[in-house]
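Since the structure comes first, as structure tokens, the remarks are kept for the end.
Values quoted throughout were computed directly from the atomic coordinates according to the rules given, and no laboratory measurement underlies them. All figures in this text were calculated on a predicted structure; none of them were measured in a lab. Positions of Cβ are generated from backbone atoms using ideal geometry, with glycine treated the same way; all protein chains shown enter the neighbour counts.
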Amino acid sequence: MKKIFVSLLVLAASLNIMATDYAVATLTLKGNTSLEQGQVTLVKTDNPAAASYCAPLYIDQYKVVMYAISGSEKYQIWANADLTNFPLGIKTYSDANYTITVSNVSGAETLSLYDAVTDQTIALTNGQTYEFTADANSTIADRFVINRPTPLVKGICFNYNVLTLTKYAGETVEVFPYGGTTAAMTQAIAADAATDVDLNALASGKYLVKVGTEEYVIDVKPAVTVVP
């Protein structure tokens, strides 16, 4: 434990000297009955030297512990520029109930922890705690992730003459002058991520928007009444 603590101090000092954007959080997992515990520290940074501070986990030394997973390896300290959807594992003991406590938080960004079993996300802020149940005497590697992306919700928004479509990958947007049969604009949607269709080049007036089987009437560049 002393070696890990020293490594954390050196890592924190290094990140501050390099003046990079970073986020740090330590998660301590404790059994609520046995009080056995272990911890993992996560560092999100673009400092190219940070990877040298990653520390492997010797899991047999712990009865209860949380750890970072990279490939087939387990880590007690993990530093990387990208922690999106990054998996964490836990090792449980005889307890049925566990608490995660967050500490040593620093940096400009707040990391988050997602529990796939309870479908809950918590912000990793200093002093934050999270209680959950888990099978005793188990190693679980498919339950917790850091910085899980927010699931996309299908939808269309029309604002300032720009159509924004989300979760329409593979569809084609057709924009027709209202009552017309020839499209004034068409655009293929390549991805589910929010995609903009700029209609500012069209003349003002009403248009019919077709996306698959869906149809919408919009008003491009509507007249604005100025209130004195």
Subject >> Nearest-ten-degree value, helix 2-18 long axis tilted from longest Cα axis of the chain >> reply: 40 degrees
**OP:** For the chain, list log₁₀ I(q)/I(0) at each q in 0.12 Å⁻¹, using the Debye formula over Cα point scatterers of equal strength and ignoring solvent, two decimals each.
**Re:** -0.74
**OP:** Return the whole-Å distance between the Cα centroid of the range 145-163 and the Cα centroid of the range 107-137.
**Re:** 24 Å
**OP:** Whole Å is fine, so just give me how far the alpha carbon centre of the range 39-54 lies from that of the range 172-225.
**Re:** 47 Å
Subject >> Amide proton proximity set for Ala169, modelled H, under 5 Å, gap of 5+ >> reply: Asp192
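Given a Förster distance of 41 angstrom, what is the FRET efficiency for Val153 paired with Thr125, based on the Cβ-Cβ distance and rounded to 0.05? Intermediate results must be reported in sequence, preceding the final value.
Working: r = 26 Å, r/R0 = 0.63.
Here the calculated transfer efficiency is 0.95.
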Subject >> Compactness index (Cα Rg / 2.2 N^0.38 Å), the range 54-104 >> reply: 1.21
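Give me the orientation-averaged projected area of the Cα convex hull of the range 155-220, in nm², one decimal. Each step should come with its number before you reach the end.
On the way: hull surface 15.8 nm².
Quarter of the Cα hull surface area: 4.0 nm².
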**OP:** Pop out the ³J(HN,Hα) list for the range 114-121 in order, Karplus 6.51 cos²θ - 1.76 cosθ + 1.60 with θ = phi - 60°, rounded to Hz; leave Gly and Pro as x.
**Re:** 10, 9, 5, 6, 9, 6, 10, 10
